[in-house]
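Novice: Pasting a structure here, questions to come.
The values are calculated or read from the model by the stated rules, or taken from the named source; none is laboratory data. On a predicted model such as this, the values are computed, not experimentally measured, just so you know. Cβ placement follows ideal geometry from the backbone for every residue including glycine, while neighbour counts extend to all protein chains displayed.
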């Protein structure tokens with residue numbers, strides 16, 4: 001039987017600002033990437049999101065990003081190797097405290113936004129992130145873009161890693177994601193997106209934006225729950241995966 005993880009970014013509200021449909025989407029996923037206070041979230045949101053994940057039997061991971069609340073962590077930043085390593089360690093440590101408070105173990109780390117995208121192409125930044133994760137807890141799994149520099153870096157230092165794919169994003173020939181500003185970068189046709197995911201899992205292939213088939217390894221699928229339409233897609237993707245005898249389970 002085929003097996004895959006369904007992950008979603010959660011806990012991105014802060015203060016009086018509510019972002020996402022966490023209480024709904026968590027019913028359909030196997031792993032939650034919880035924001036750690038730098039690009040989004042706050043201590044109370046982190047505490048409550050870990051609690052929610054525990055109650056729903058969903059695996060918990062840290063979702064560290066650049067310290068950029070105004071830009072939601074989506075703006076590129078030029079930081080040193082040590083800075084990159086320590087901001088990752090700091091954020092993992094913060095979420096790990098709430099995991100301890102709720103009596104559960106953190107399972108993985110998925111960098112957020114610009115940090116994720118930059119490290120996917122920059123081996124030095126990728127190594128800094130991986131070293132930060134390993135120093136805090138060598139049992140943690142790095143969740144990163146399939147075939148990216150982060151996966152390469154994790155393997156280089158003996159850190160466990162999992163290849164992530166995106167259901168609703170177009171790919172380039174080098175395996176990277178097409179920038180959201182490009183026409184066709186986001187796949188809005190639900191049926192096409194689901195067929196792509198099933199092919200990625202069963203055939204280890206995806207068709208790029210230019211119509212070229214490239215190899216891809218799908219161990220975890222990123223889904224979104226930030227609006228009602230996205231939530232409906234998560235429900236559908238879970239249903240179709242199960243129909244195809246693809247087991248949904250957390251990373252291990």
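Novice: Checking residue 139 against (1) closer than 28 Å to residue 52 by Cβ; (2) touching a strand residue (DSSP E or B) at 6+ places or on another chain (Cβ under 6 Å), which test does it fail?
Specialist: (2)
Novice: Now a separate question. Can you give me the number of residues within segment 1-37 that are out of contact with any strand residue (DSSP E or B) (no Cβ under 9 Å at 6 or more places or on another chain) and either buried (at least 22 other Cβ atoms within 10 Å of the Cβ) or under 24 Å from residue 146 (Cβ atoms) (or both)?
Specialist: Of the residues in segment 1-37, 0 are out of contact with any strand residue (DSSP E or B) (no Cβ under 9 Å at 6 or more places or on another chain) and either buried (at least 22 other Cβ atoms within 10 Å of the Cβ) or under 24 Å from residue 146 (Cβ atoms) (or both).
Novice: Could you please give the count of residues in segment 109-121 that are touching a helix residue (DSSP H, G or I) at 6+ places or on another chain (Cβ under 9 Å), crowded, with 17+ Cβ neighbours inside 10 Å and not in a helix (DSSP H, G or I)? Reasoning before the result, please.
Specialist: Of segment 109-121, the ones touching a helix residue (DSSP H, G or I) at 6+ places or on another chain (Cβ under 9 Å) are 109-111, 115-116, 118-121.
When the remaining residues are screened for being crowded, with 17+ Cβ neighbours inside 10 Å, the result is 109-111, 115-116, 118-120.
Remaining after also requiring not in a helix (DSSP H, G or I): 109-111, 120.
Here the count works out to 4.
Novice: Please specify each residue of segment 91-137 satisfying the condition of being without any contact (Cβ under 8 Å) to a residue 24 or more places away in the chain and under 15 Å from residue 64 (Cα atoms).
Specialist: Of everything in segment 91-137, just one residue is without any contact (Cβ under 8 Å) to a residue 24 or more places away in the chain and under 15 Å from residue 64 (Cα atoms), namely 97.
Novice: For segment 161-213, what are the residues that are surrounded by fewer than 20 Cβ atoms within 10 Å (Cβ to Cβ), in a loop (DSSP other than H, G, I, E, B) and touching a helix residue (DSSP H, G or I) at 6+ places or on another chain (Cβ under 7 Å)?
Specialist: Listed by number, the list holds a single entry, 187.
Novice: For residue 73, indicate whether it is surrounded by 16 or more Cβ atoms within 10 Å (Cβ to Cβ), in a strand (DSSP E or B) and under 20 Å from the mean Cα position of the chain (by Cα).
Specialist: Values: surrounded by 16 or more Cβ atoms within 10 Å (Cβ to Cβ): yes; in a strand (DSSP E or B): no; under 20 Å from the mean Cα position of the chain (by Cα): yes.
Considered against the rule, which asks whether it is surrounded by 16 or more Cβ atoms within 10 Å (Cβ to Cβ), in a strand (DSSP E or B) and under 20 Å from the mean Cα position of the chain (by Cα), residue 73 comes out as no.
Novice: Of all residues in segment 214-239, which are within 12 Å of residue 28 (Cβ to Cβ) and either modelled with pLDDT of 95 or more or part of a helix (DSSP H, G or I) (or both)?
Specialist: 221, 230, 231, 232, 233, 234, 235, 236, 237, 238, 239
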